[in-house]
Amino acid sequence: QVQLEESGGGLVQAGGSLRVSCVASGRTFDLYAMGWFRQAPGKERDFVSAVSWSGGRTTYADSVKGRFTISRDNAKNTVYLQMNSLKPEDTAVYYCAARFGDIAVVPQDYSYWGQGTQVTVSS
């Protein structure tokens, strides 16, 4: 069982930066691939980024490539999403998720989810 808790969301102006974090419980964090998803009101939950258990492989949605960076610190059971050059269309609730095994880009492949953190980008 893995429990996830996100933090770091907030309100930022367009062009600004935020870093959201996700802390996981449990002693086997380094066995899980981690992903970030986001969901805007009235829309489906979309893939943002994912990182392999070792941190050696990452993948990004085209909409955030070059602006967002995912990383993890297995010693701290934490995964981060650094978001730069934020746009109003990045406004959403951001969720972290965990899955045992390799990285994945669809929400249905993830077993564990946090409660989400709101990111709002004003124009």
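The values are calculated or read from the model by the stated rules, or taken from the named source; none is laboratory data. Just so we're clear, the structure is a prediction, and the values are computed from it rather than from any experiment. Note that we place each Cβ from the backbone using ideal geometry, even for glycine, and neighbour counts take in every protein chain shown. When the accessible area is computed, the model is the full protein with side chains, heavy atoms only, and any ligands, DNA or RNA have been set aside. Shrake-Rupley method; radii C 1.70, N 1.55, O 1.52, S 1.80 Å.
Here are some conditions: (1) part of a strand (DSSP E or B); (2) touching a helix residue (DSSP H, G or I) at 6+ places or on another chain (Cβ under 8 Å); (3) open to solvent by 40 Å² or more (accessible area, probe 1.4 Å). ASP30 meets all but one. Which one does it not meet?
Of (1) part of a strand (DSSP E or B); (2) touching a helix residue (DSSP H, G or I) at 6+ places or on another chain (Cβ under 8 Å); (3) open to solvent by 40 Å² or more (accessible area, probe 1.4 Å), only one is false for ASP30: (1).
Consider SER63 against the criteria (1) free of Cβ contacts under 8 Å to residues at least 40 places away in the same chain; (2) outside any loop (DSSP other than H, G, I, E, B): it satisfies all of them except one. Which criterion is unmet?
(2)
Run GLN108 past the list (1) without any contact (Cβ under 8 Å) to a residue 40 or more places away in the chain; (2) under 27 Å from GLY15 (Cα atoms) and report the number of the one that doesn't hold.
(2)
Taking interchain pairs and intrachain pairs at least six residues apart, which have beta carbon atoms under 7 angstrom, with the first residue in the stretch 70-88 and touching a residue at least 40 places away in the same chain (Cβ under 8 Å) and the second in a helix (DSSP H, G or I)?
Correct list of pairs: ASN74/PHE29; ASN74/ASP30; ASN77/PHE29; MET83/ASP90.
Could you please give the count of residues in the stretch 105-123 that are out of contact with any strand residue (DSSP E or B) (no Cβ under 6 Å at 6 or more places or on another chain), over 20 Å from THR58 (Cβ atoms) and in a loop (DSSP other than H, G, I, E, B)?
Final tally of qualifying residues: 2.
Please go through the stretch 78-123 and pick out each residue that is of a type in the set (S, T, N, Q), within 14 Å of the chain's Cα centre (by Cα) and open to solvent by less than 50 Å² (accessible area, probe 1.4 Å).
THR78, THR91, THR117
Do you know which of the residues in the stretch 41-75 that are farther than 18 Å from ARG19 by Cα and among the small types (Gly, Ala, Ser) is surrounded by the most Cβ atoms within 10 Å (Cβ to Cβ)?
Only one residue tops the list, namely SER52.
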